[in-house]
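Heads up: the structure comes next, in structure tokens.
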Amino acid sequence: MKKDIEKGWPGYVTGVKKKNIRYSIIGAVAFVGFYLIGYAAAGTSANYLTIVAMLAILPTAQFMTRAFAYGRYHSVDNSFANEVEKMTDRVTVLSEIILIRKKNTCFFENVLITQDHVLVVSDKKKPKVGKSKAARDTLGEKTLDALLRQHGISVSVKAFDDEQQLYAYFKSDIKPTLQTKDEEKQLAIAELILRNAM
């Protein structure tokens, strides 16, 4: 059986959607199967297999809800992470992070973590009604910054519209200043983000 893609890696969102849709279908078939077998055997819906069918629908509804929750998000390819890792080994790259804090939901296609900076690429899709792209980027920056500060981590957080902007900024402004890699701090930031991501 194929192993699930871990949170923070390219393909995670698609994997979660497919898994939850698959389990939703299996649960719906089990529900209908148990119900029909019970009805055919007993001649009435008042039987034990109807109870089993009702219990089967509960996790099915949960899987379906998860599939809908991940439905508006998309997977990214790993070309950006590969490009950055070829350039330097002093960064940590996460992909497909869905961060929910209070009433704010932010989707970051890529998150680049250094010891002093967290750079993110916000969702490229159209913003929700009433929110401009700049407002959504600022919301993403503020949400991520608040999460990090809440746990005593003080770094610069900056959001970009696409990978090219982030890559250009990283190459010109961040990479020349990277002398060492504080692996412990980067790992702490990455684990904190992953722990709070959906």
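When only alpha carbons are used to place a centre, region 148-175 and region 97-119 end up 10 Å from one another. Annotation for region 41-115: trypsin sites (Lys or Arg not before Pro) lying in DSSP loop with at most 13 further Cβ atoms inside 10 Å of their Cβ are Arg72, Lys102, Lys103. Annotation: per residue accessible area for the chain equals 58 Å², rounded to a whole number [probe 1.4 Å, protein chains only]. Checking the cross-link pairs Lys17/Lys171; Lys7/Lys102; Lys18/Lys171; Lys7/Lys142 against a 26 Å limit on the alpha carbon distance flags Lys17/Lys171; Lys18/Lys171 as lying beyond it. Between the helical axis of 183-196 and the longest alpha-carbon principal axis of the chain there is an angle of about 30 degrees. What percentage of the solvent-accessible surface of the chain, computed with a 1.4 Å probe over protein heavy atoms, is contributed by carbon and sulfur atoms? Reported share for carbon and sulfur atoms: 58 percent. Calculate how steeply helix 48-70 sits against the longest principal axis of the alpha-carbon atoms of the chain, using the helix alpha-carbon long axis, and give the answer as 0 to 90 degrees to the nearest 10. Relative to the chain, helix 48-70 is tipped by roughly 20 degrees. Quick one: net charge around Ser154, please, counting Lys, Arg +1 and Asp, Glu -1 for every other residue with C-beta under 11 Å from its C-beta. Residues near Ser154 contribute 0 overall. Pairing the Cα long axis of helix 12-42 with the longest principal axis of the chain, what angle in degrees results, from 0 to 90 and rounded to the nearest 10? Between the helix axis and the principal axis of the chain, the angle is about 10 degrees.
The values are calculated or read from the model by the stated rules, or taken from the named source; none is laboratory data. Computed from a prediction, not measured in an experiment: that's the story for all the values here. For neighbour counting, all protein chains shown are included, and Cβ atoms are generated from backbone atoms with ideal geometry for every residue, glycine included. Note: areas computed on protein heavy atoms with side chains; ligands, DNA, RNA excluded. Shrake-Rupley method; radii C 1.70, N 1.55, O 1.52, S 1.80 Å.
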